[in-house]
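Participant: Take this structure, written in structure tokens, and hold onto it; I'll ask about it next.
The values are calculated or read from the model by the stated rules, or taken from the named source; none is laboratory data. All values reported here derive from a predicted model rather than from experimental measurement. Every residue, glycine among them, receives a Cβ derived from its backbone with ideal geometry; neighbour counts consider all protein chains shown.
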Amino acid sequence: MKTLSLGYFVAVAATLVAISNVGQAQPLRLARRDPVTKILKYVLYGDHPSYHEPSYSPSVDEREVLCLVNKERRRIGLHALTLHPAMTQAAFEHSEYQSRVRSMTHSDPQNGQLGDRLQRNGFKFASASENIAEGKQLSAKEVFNMWMNDPPHYENIVDPNATYMGLACVNGFWTQDFGSSSESKDYSPKYEVHEHC
């Protein structure tokens, strides 16, 4: 039997870390605490009384990613997501921050974590998750495929509890937020939905 050295394991681990950090970061998930399964999750609710309409409008690439997300969700029997303006605004502000600091991160010292950003933009959520990526030269489909090919990111894309998505790209820094609302009112999109991608 061959004995493997500690150096071998360190080299393999470093290689795996290097591979996993190319173009994307670990996804972030926030949700309610489920006492039945004893899975630790987080509960965060917004303070804003209603959603607001941001000045930001999703780009063609951002709408393409939404189309690709919904195509995959329909393929496995899930409902389609809608881009929500408050979530999209939060995603846009976070992509702007990542672009400014030239680094992928789920946190922003000024605007906080995902839950803080969603609350500040008026999205009261029951659960939320986030994927980020970096790739200025990558197409929307290439960024989507990176997320699809990584199990934790894919789990966010096909979360059966999600009903809304916020998405933005600023200078190649992508932020994709998913969530379900803790409010009963529905949001109807005020943008053209792509059915074919």
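Participant: Can you tell me which condition Leu138 does not meet? The list is (1) among the hydrophobic types (A, V, I, L, M, F, W, C); (2) within 15 Å of the chain's Cα centre (by Cα); (3) crowded, with 17+ Cβ neighbours inside 10 Å, and all the others hold.
Facilitator: (2)
Participant: I want to confirm something. Restricting to the stretch 69-86 and keeping residues that are modelled with pLDDT of 95 or more and assigned to a helix (DSSP H, G or I), which single residue is surrounded by the fewest Cβ atoms within 10 Å (Cβ to Cβ)?
Facilitator: My answer is Arg75.
Participant: What is the number of the single condition among (1) surrounded by fewer than 23 Cβ atoms within 10 Å (Cβ to Cβ); (2) assigned to a loop (DSSP other than H, G, I, E, B); (3) among the hydrophobic types (A, V, I, L, M, F, W, C) that Met146 does not meet?
Facilitator: Status for Met146: all satisfied but (2).
Participant: Every residue in the stretch 87-112 that is assigned to a loop (DSSP other than H, G, I, E, B) and touching a strand residue (DSSP E or B) at 6+ places or on another chain (Cβ under 6 Å), please.
Facilitator: Met104, His106
Participant: Something else now. Name the residue that is farthest from Ala86 (Cα to Cα), counting only residues in the stretch 113-125 that are within 15 Å of the chain's Cα centre (by Cα) and not in a helix (DSSP H, G or I).
Facilitator: In this case the residue turns out to be Gln113.
Participant: Of all residues in the stretch 159-193 being over 18 Å from Gly115 (Cα atoms) and surrounded by 16 or more Cβ atoms within 10 Å (Cβ to Cβ), which is modelled with the lowest pLDDT?
Facilitator: Within the stretch 159-193, the match that is modelled with the lowest pLDDT is Tyr187.
Participant: So which of Leu114, Leu66 ends up being under 13 Å from Tyr164 (Cα atoms) and surrounded by 18 or more Cβ atoms within 10 Å (Cβ to Cβ)?
Facilitator: On inspection, the qualifying residue turns out to be Leu66.
Participant: Those residues that are acidic (Asp, Glu) and in a helix (DSSP H, G or I), I need them from the stretch 149-190; list them, please.
Facilitator: Correct list: Glu155 only.
Participant: I would also like to ask the following. Give all pairs with beta carbons closer than 9 Å in which a residue from the stretch 146-168 that is over 20 Å from Ser181 (Cα atoms) meets a residue that is surrounded by 22 or more Cβ atoms within 10 Å (Cβ to Cβ) and among the aromatic types (Phe, Trp, Tyr); count only pairs at least 6 apart in sequence or on separate chains.
Facilitator: From the stretch 146-168, the pairs are Trp147/Trp174; His153/Trp147; Tyr154/Trp147.
Participant: Here's something else I'd like to know. Checking Leu66 against (1) at pLDDT 50 or above; (2) among the aliphatic types (A, V, I, L, M); (3) outside any helix (DSSP H, G or I), which test does it fail?
Facilitator: Of the numbered conditions (1) at pLDDT 50 or above; (2) among the aliphatic types (A, V, I, L, M); (3) outside any helix (DSSP H, G or I), the odd one out for Leu66 is (3).
Participant: Quick check on the stretch 136-155. Is at least one of its residues β-branched (Val, Ile, Thr), within 19 Å of Arg73 (Cα to Cα) and in contact with a helix residue (DSSP H, G or I) (Cβ under 9 Å, 6 or more places away or on another chain)?
Facilitator: Looking through the stretch 136-155, at least one residue is β-branched (Val, Ile, Thr), within 19 Å of Arg73 (Cα to Cα) and in contact with a helix residue (DSSP H, G or I) (Cβ under 9 Å, 6 or more places away or on another chain).
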